[in-house]
Amino acid sequence: MLVLSRRVGEEIVIADRVRVRVAAVRGKSVQLAFAAPDSVRILRQEIYALRQSFGCGEASSALLPAEADEADQENWSDPQLV
């Protein structure tokens with residue numbers, strides 16, 4: 001597992017398709033903002049585990065195969081993060 005330190009407003013980029021920005025830190029709570037193509041499902045771990053336990057199939061799509069990249073990049077508008 002990779003562990004990174006970031007300050008409010010700083011980002012990390014995952015596989016050239018997902019951006020994660022630290023939006024706020026309040027006490028022990030950290031707010032994260034995500035920008036990703038619609039084809040990338042982002043779930044909290046507890047929701048992912050719940051869906052898995054009920055047999056909902058693939059609860060969280062990992063980054064799609066390379067053949068999906070071109071279509072996603074064409075359709076992905078870069079939303080402003082908070």
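The values are calculated or read from the model by the stated rules, or taken from the named source; none is laboratory data. As the structure is a computational prediction, the values presented were derived from the model and not from experiment. All Cβ positions, glycine included, derive from the backbone under ideal geometry; neighbour counts span all protein chains shown.
Quick rundown of the values:
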{"read-out": "Unique match (being at pLDDT below 95 and in contact with a helix residue (DSSP H, G or I) (Cβ under 9 Å, 6 or more places away or on another chain)) among L50, L64", "value": "L64"}
{"read-out": "Hey, V82 aliphatic (A, V, I, L, M) and either modelled with pLDDT of 80 or more or assigned to a strand (DSSP E or B) (or both) or not", "value": "no"}
